[in-house]
Each structure stands twice: as C-alpha cells, then as structure tokens.
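Mind having a look at this structure? Questions to follow.
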C-alpha cells in the first residue's frame, strides 16, 4: 500500500480498518455507506463515519464555500487549498483519534478525490500529489472502493446541482478516467465496483471486496 505523508498519526497504535468510498457525482456513495453502516454494526463492529469535505465545524464551513454555486470566482488553486484544509482539520480534530478507537472507520471521499478532481480534471498535476502527501499527516486508507459508472447516469440522479456537480460533462468524464487510472496505479488498495447495476448488486460487490481484503490483510476476522 502506498504511503501519503508522515505526521503525528502515522506512528500511533492503529486499530481501525480504514475504508474510503470514492466515485463520481450521483454514483451511489451514500447508499453504499448506509449499507456498510448497517452491515458492520449488525455484525457487532464499532464503526465511525466521516465525510469530505466536512465532519467538523470548520470543515462544514469550508464545504459551504466549495459547493456554493455563487462562488464562481473561486480559483482552482484556492479550491485545492480549501479541500486540503478541510481534510487536515478533520484528521487532527477527529479522524486521527478515531483510528485508534473503532474497529472500522469509513470516509465518504478522502485524498483520492483531491488527486482526481483537482489534480487530473482541473489539470493541476503533480503539485496536487505532493500537497496530498504532505497534508495527509501519515493517514492512509486500507481499502478504497471506487463506484464506477458513466457520468451521465450519475448526474441524472442529482437534483439541484452544487458548484462541482454543475461543471461541464467533459469535466465529469475526466473524473472517471482519472479514477480508473488511479486504480490501475494502486491495484492493491483501490478496487473498482461496477455501479451500473442495482443497489443490491453494488452492495454484494462491496461486501465481497471487503471480506477478501480483510482476509488477505489478516488485521481482523471477516465481517461475516
């Protein structure tokens, strides 16, 4: 598993299995997270959930700025810095400590979103990976699930679109290509789920991948 950055959390006694959920807008991330919550808690595991950007008071305020369609003047470099700030605040205030207290920590987006959205689709390139590495503070997911589907499908499910969702279709197509390229570069950590089918099929794929990863990592017994 690749490592992103070093900081005060990378040497702590890590207990939790850290899962991040990635994907395009309207890909079904919220549904998968709710499924994981019910499934893992039913099996007796302690679970903590986070979302990016957000989860903290400061992070939620940053989220409002990032998603507000009125903020048309927000530059892509400022956008990058705001996402990094929200993540670092979440790690230092909440997520870092949660990794030592819970069996599972699940996050709706993490640093892969920054690499794909700002690095690939907005064209900021290598500077993004360097920044992500610095501000991840040594925190790395054990497993990342990428929900993959044509962007047109996901955008149809979105009601009132925010600043990111309302970007041109070509931007969202770049996101999909970026996620698939990232998965090829990190095949041990990032697993792609075909999100074109039913929710039940998506849940089954997610559950199978988690079981396989848990078994291979030998960090803990299978969820079921």
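Just checking, which of 219, 213 is at pLDDT below 95, more than 15 Å from residue 117 (Cβ to Cβ), in contact with a strand residue (DSSP E or B) (Cβ under 7 Å, 6 or more places away or on another chain) and surrounded by 18 or more Cβ atoms within 10 Å (Cβ to Cβ)?
Only one candidate passes the filter, namely 213.
Could you tell me which residue of region 74-108 is surrounded by the fewest Cβ atoms within 10 Å (Cβ to Cβ), considering only residues that are assigned to a loop (DSSP other than H, G, I, E, B) and out of contact with any helix residue (DSSP H, G or I) (no Cβ under 8 Å at 6 or more places or on another chain)?
75
Looking at (1) in contact with a helix residue (DSSP H, G or I) (Cβ under 9 Å, 6 or more places away or on another chain); (2) on the phi < 0 side of the Ramachandran plot; (3) at pLDDT below 95, can you tell me which one residue 71 breaks?
(3)
Look at region 62-73 and say how many of its residues are within 20 Å of residue 93 (Cβ to Cβ) and either under 16 Å from the mean Cα position of the chain (by Cα) or loosely packed, with under 14 Cβ neighbours inside 10 Å (or both).
So the count comes out to 2.
Sticking with this structure for a sec: Give region 191-210 a look and list any residue that's out of contact with any helix residue (DSSP H, G or I) (no Cβ under 7 Å at 6 or more places or on another chain) and buried (at least 20 other Cβ atoms within 10 Å of the Cβ), or say none.
Result: 210, single match.
Looking at 35, 49, which one is part of a helix (DSSP H, G or I), under 17 Å from the mean Cα position of the chain (by Cα) and surrounded by 16 or more Cβ atoms within 10 Å (Cβ to Cβ)?
Answer to the check: 35.
A further question on this structure: Residue check: is residue 129 touching a helix residue (DSSP H, G or I) at 6+ places or on another chain (Cβ under 8 Å) and under 24 Å from residue 184 (Cβ atoms)?
yes
The values are calculated or read from the model by the stated rules, or taken from the named source; none is laboratory data. Because the structure is a prediction, the values reported are computed rather than measured. Here the Cβ is made from the backbone with ideal geometry for all residues, glycine too, and neighbour counts use every protein chain on show.
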